[in-house]
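Since the structure comes first, as structure tokens, the remarks are kept for the end.
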Amino acid sequence: MSVNKQSININTATNNTTPAANWIALFSLCLAAFITPMSMSAVNLALPSIALDLKADAVRLSWLASIPLWGSVIFMLPIARAADIWGRKRLHLIGLTLFSLTSIIVVAVDHVNQLLILRIFQGIASSFIFATSLAMVTTLAGTKHRGMFLGIVSTCVYLGLTLGPVVGGWLTHWFGWRSVFWVPVLAILAAILLIAYFVEESEKGLNSKQLNWYQRLDLTGSGLFALATSCIFFGLAGVAQWQYAVLLLTGCGLSWIFLHQQRIAKQPLVRIDLLVQNRTFIRSIAASLCMYSASFPILFIMSVYLQYIQQMTPEQAGQVILLQALFMALVAPFAGRLSDKYEPRIIATIGTLIFASGALILATIDALSSLAQVQIGLIVLGIGFGLFSSPNNNAAMGAINPKKLGVAAALLNLGRTGGNMFSTAIVVVLFNHFLGYNTISAEQFPDLFLVIRISISLCAGYAICGAYFSWTRGEVR
């Protein structure tokens with residue numbers, strides 16, 4: 001009897017809590033999932049003030065926005081593997097604590113290089129958070145409410161990314177740029193307390209006690225992964241120059257070596273053979289990569305269009321762009337709940353096609369286009385992405401062994417981050433080719449329109465590719 005009781009306690013830990021406790025636990029995870037990306041993206045609106053105060057040049061200023069992405073990517077898989085070994089809740093709390101500390105230290109920063117270092121550590125902290133959050137939510141929800149819970153947390157992440165620039169602009173205007181860093185710490189500390197009390201620790205994968213901790217963590221694979229992703233990241237940042245193109249190719253070669261090492265390692269970060277055989281999961285990642293490639297440039301492109309062509313202020317442009325986030329937030333939980341009852345690939349694929357339609361609406365805008373056309377396009381984008389994100393995550397996480405949810409969540413986040421990196425690099429190449437390093441003026445508006453149309457048309461193409469991977473993932477139920 002004791003053995004059976006112990007088994008029940010391990011395998012159905014979340015069922016021992018009350019529904020109210022589950023919702024409080026979900027709220028605490030969602031609070032962290034909202035505040036962290038919001039804090040990261042809010043810095044974008046504070047960059048001019050940072051440049052003025054710290055006398056930062058354009059190059060360092062651009063890295064302030066992008067360098068946390070590198071810190072997050074290189075640690076994503078190793079942290080996910082460590083979380084599966086030592087406990088997801090533990091590493092999630094470590095990430096939130098590190099993020100809070102770096103945000104508070106910003107108060108004492110007096111040089112842009114110091115801020116750059118802190119931004120790298122914020123990226124590393126975010127890898128702890130994002131590598132564990134989806135896995136924790138999946139465990140908390142069980143199979144009955146998985147889609148709905150994932151829909152809610154996905155909405156929080158997306159809202160955080162979208163609301164960040166608006167909040168950053170407001171905080172910078174009223175309290176100075178440093179407030180963009182330290183104000184969110186109050187909410188993060190609340191999340192830490194709630195998670196520590198209401199979220200249960202995951203079962204730890206200590207099934208290889210004969211191996212040392214560094215063998216279980218696969219430091220060789222972790223190093224190869226960090227080196228490969230670093231070369232790809234910095235290569236993409238300057239892909240228009242041949243030196244960076246060589247660096248990008250080197251990263252691709254190192255990626256191949258990493259995949260080979262993972263096949264022969266005793267305790268790899270990722271079981272490549274099993275991953276390739278898992279059609280549902282691998283195509284869900286591919287669909288995620290395509291859709292985040294499609295969605296990430298929209299915020300920047302539409303911000304440029306509204307401020308330069310429509311002559312809006314940053315606050316006015318932000319309010320228009322928020323339409324996409326608002327409708328995504330309304331649709332995503334509903335779509336997640338639908339995917340608990342019906343086939344996720346149907347709902348997600350419909351979402352990708354609706355998103356592509358919204359992108360095509362925006363791809364036709366010009367100087368004479370009405371604001372209504374822009375608003376309709378953004379609303380359609382929000383509905384499409386809301387229909388896609390939750391069912392796609394539901395299908396992916398439902399296809400994975402519960403003991404490997406940490407790595408699965410990290411791979412999904414890598415798909416998101418990889419899509420962001422790829423599409424951003426393409427937009428940068430287009431701006432450099434058609435506009436160069438000149439200040440945007442009325443004489444360059446024809447070239448700017450060309451860049452906008454190409455960029456948004458590419459987003460529509462990415463979404464159609466996402467539809468293919470979403471539909472061909474196969475039946476989940």
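Brief remarks follow.
- Test: residue 374 is more than 21 Å from the chain's Cα centre (by Cα), modelled with pLDDT of 80 or more and in a helix (DSSP H, G or I): yes
- The set of residues in region 248-266 that are surrounded by 12 or more Cβ atoms within 10 Å (Cβ to Cβ), aliphatic (A, V, I, L, M) and more than 24 Å from the chain's Cα centre (by Cα) comprises 249, 257, 265.
- Exclusive hit being at pLDDT 90 or above, assigned by TED's automatic domain parsing to the domain that holds residue 320 and not charged (D, E, K, R), set 390, 470: 470
- Residue in region 115-136 that is surrounded by fewer than 24 Cβ atoms within 10 Å (Cβ to Cβ), assigned by TED's automatic domain parsing to the domain that holds residue 168 and in a loop (DSSP other than H, G, I, E, B) present: no
- As a summary of the residue check, residue 121 satisfies the conditions (1) at pLDDT below 90; (2) closer than 18 Å to residue 36 by Cα except for the one numbered (1).
- Within region 339-351, being buried (at least 24 other Cβ atoms within 10 Å of the Cβ) and either touching a Cys at 6+ places or on another chain (Cβ under 8 Å) or more than 10 Å from residue 471 (Cα to Cα) (or both) holds for 339, 351.
- Residues in region 267-291 that are within 21 Å of the chain's Cα centre (by Cα) and of a type in the set (S, T, N, Q): 280, 284, 288.
- Hey, residue 293 closer than 19 Å to residue 377 by Cα, buried (at least 17 other Cβ atoms within 10 Å of the Cβ) and touching a residue at least 60 places away in the same chain (Cβ under 8 Å) or not: yes
The values are calculated or read from the model by the stated rules, or taken from the named source; none is laboratory data. All figures in this text were calculated on a predicted structure; none of them were measured in a lab. Virtual Cβ from ideal backbone geometry, glycine too; neighbours counted across all protein chains shown.
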